[in-house]
Amino acid sequence: MDKNTHKHPKRDKAIKDIAEIGQLEEIISKCQICHVAMSDGEFPYVLGFNFGYKDGIIYLHSVAYGKKIDILKKNPNVCVSFSNDYNLFARNKEVGCSWRMAYRSVLAYGKAEFVNDYDEKLLGLNLLMSQYTSEEFKFNKPAVDNITIIRIRVNELTGRSFEY
């Protein structure tokens, strides 16, 4: 077999890997929603979440039941996707294939864990709220007790930009 038979085309020069943690965390900090991919065996399952992030830990909140909870109890491995800085443009407006969407993105890999400690639940909720506002909040104990906080300790962060 010719060794060039399975050769992949060269990667688009507009795609750039991002490895510096400060740049990766800047992308995360600008996001409004993250998407969490999980696996229930046969098919992937992806949901959008509000989130909080600090020091390599992602916090999500949820009710204590449902498909995502069932999946994460069986298989806690997740991939979390963050993206932003979208910019649609065309190199030639009359040619459909010349249109592009510039963006920046981060993938975070880790394991989902359910937080039971009350103080860590509060930490997660405060980090989640600080992602969206600089206001401070109080949380009542029954609400905190009844909410599920999911902690994802990030094992690996990868980033990419396209047309930046």
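What follows draws every value from the coordinates through simple rules; no lab data is involved. No experiment lies behind these values; they were computed from the predicted model shown. Neighbour counts are summed over all protein chains in view; Cβ atoms, including those assigned to glycine, are modelled from backbone coordinates with ideal geometry.
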Exercise for the section: Treating the Cα atoms of the stretch 1-151 as identical point scatterers in vacuum, please give the log10 of the normalised Debye intensity I(q)/I(0) at q = 0.08, 0.15, 0.17, 0.20 Å⁻¹, two decimals. Expected result: -0.33, -0.90, -1.05, -1.26
Handout entry: Prolate/oblate/rounded label for the stretch 1-87 (Cα gyration tensor, a/c 1.5)
Key = oblate
Exercise for the section: Sum -39500 (n - 2.57) across every DSSP H segment of at least 4 residues in the chain, then divide by the residue count to get the 222 nm mean residue ellipticity, nearest 500. Expected result: -6000 deg cm²/dmol
Practice task
With 25 Å as the limit, write out which pairs from LYS111/LYS138; LYS54/LYS121; LYS74/LYS121; LYS54/LYS138; LYS68/LYS138 have Cα-Cα distances beyond it, or answer none.
Solution key: LYS111/LYS138; LYS68/LYS138
Practice task
Determine the sum of side-chain charges near ASP85: Lys and Arg each +1, Asp and Glu each -1, restricted to other residues whose C-beta is under 14 angstrom from that of ASP85.
Solution key: +3
